[in-house]
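Report on one structure; see the data block that follows.
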Amino acid sequence: MSVLIIFNGPQHYISSSWYKEEEVPTWNYIAIHCTGNFRQLEGKELLDTIKKMVEHYETNRPHRYHISDMPDDMLEAHLEGLIGFEMKIKNIEANYKLSQNRNDKNYQNIITELLQSSDPLEVELAHEMQNLRPKLYAK
């Protein structure tokens, strides 16, 4: 079965009030679209994949956790709620819109406004924008 999976990065509304001159509001975002063939994992294959993932992420932890530490009844109950899948990727499209068409003053205004937010995604978006124009932020 062919599928599209979208991985969204930080995104947010950009107010026209943040520009020096009159403009229209917009939306900044980072996204990756992957298309390919999808296959569901079940039974032993699903369990083996979960074990492999846990072992990978538990590497170098002082108190490593192993799936084998989980009681069988707990493991079985949780496996019932999981849907594992494998995707053979055929195409990847990465795209972003981070106000890169704006002049330095407006660009800095947008970043300043985003950094004032209590929303971590807005702050992350501001940092991504700073990374896009590092010369503006070099000390």
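Within the range 37-51, the set of residues being more than 22 Å from Ile5 (Cα to Cα) and either under 22 Å from the mean Cα position of the chain (by Cα) or of a type in the set (Asp, Glu) (or both) comprises just one member, Asp48. One residue stands out among those in the range 82-118 that are assigned to a loop (DSSP other than H, G, I, E, B) and touching a helix residue (DSSP H, G or I) at 6+ places or on another chain (Cβ under 9 Å): the one that is farthest from Asp48 (Cα to Cα), which is Arg102.
Within the range 121-133, residues that are touching a residue at least 12 places away in the same chain (Cβ under 8 Å) and surrounded by fewer than 18 Cβ atoms within 10 Å (Cβ to Cβ) reach partners that are part of a helix (DSSP H, G or I) and not aliphatic (A, V, I, L, M) with beta carbons closer than 6 Å, at six or more positions or on different chains, in the pairs Gln130/Tyr137. Evaluating Leu79 against the criteria (1) at pLDDT 90 or above; (2) assigned to a helix (DSSP H, G or I) leaves one unmet condition, (1). Reported count of residues in the range 24-54, each being in contact (Cβ under 8 Å) with a residue 12 or more places away in the chain, touching a helix residue (DSSP H, G or I) at 6+ places or on another chain (Cβ under 9 Å) and not basic (Lys, Arg), is 11.
Answer yes or no: is there a residue in the range 69-88 that is touching a residue at least 24 places away in the same chain (Cβ under 8 Å) and either within 18 Å of the chain's Cα centre (by Cα) or under 30 Å from Trp18 (Cβ atoms) (or both). The answer is yes, given that some residue of the range 69-88 is touching a residue at least 24 places away in the same chain (Cβ under 8 Å) and either within 18 Å of the chain's Cα centre (by Cα) or under 30 Å from Trp18 (Cβ atoms) (or both). Scanning the range 35-53 for residues that are surrounded by fewer than 16 Cβ atoms within 10 Å (Cβ to Cβ) and in a helix (DSSP H, G or I) yields a count of 8. Exactly one residue out of Tyr13, Tyr29, Tyr96, Tyr19 is in contact with a Ser or Thr (Cβ under 9 Å, 6 or more places away or on another chain) and within 20 Å of Leu125 (Cα to Cα): that is Tyr13.
Residues in the range 1-34 that are within 21 Å of Leu115 (Cα to Cα), in a strand (DSSP E or B) and of a type in the set (Val, Ile, Thr): Ile14, Thr26, Ile30. Does at least one position in the range 84-102 carry a residue that is within 30 Å of Gln130 (Cβ to Cβ), surrounded by 11 or more Cβ atoms within 10 Å (Cβ to Cβ), modelled with pLDDT under 95 and not polar (S, T, N, Q)? Checking the range 84-102: at least one residue is within 30 Å of Gln130 (Cβ to Cβ), surrounded by 11 or more Cβ atoms within 10 Å (Cβ to Cβ), modelled with pLDDT under 95 and not polar (S, T, N, Q).
The values are calculated or read from the model by the stated rules, or taken from the named source; none is laboratory data. Everything numeric here is computed off the predicted structure, so don't read it as measured data. Don't worry about glycine lacking a Cβ; one is built from the backbone with ideal geometry, like all the others, and counts go over all protein chains shown.
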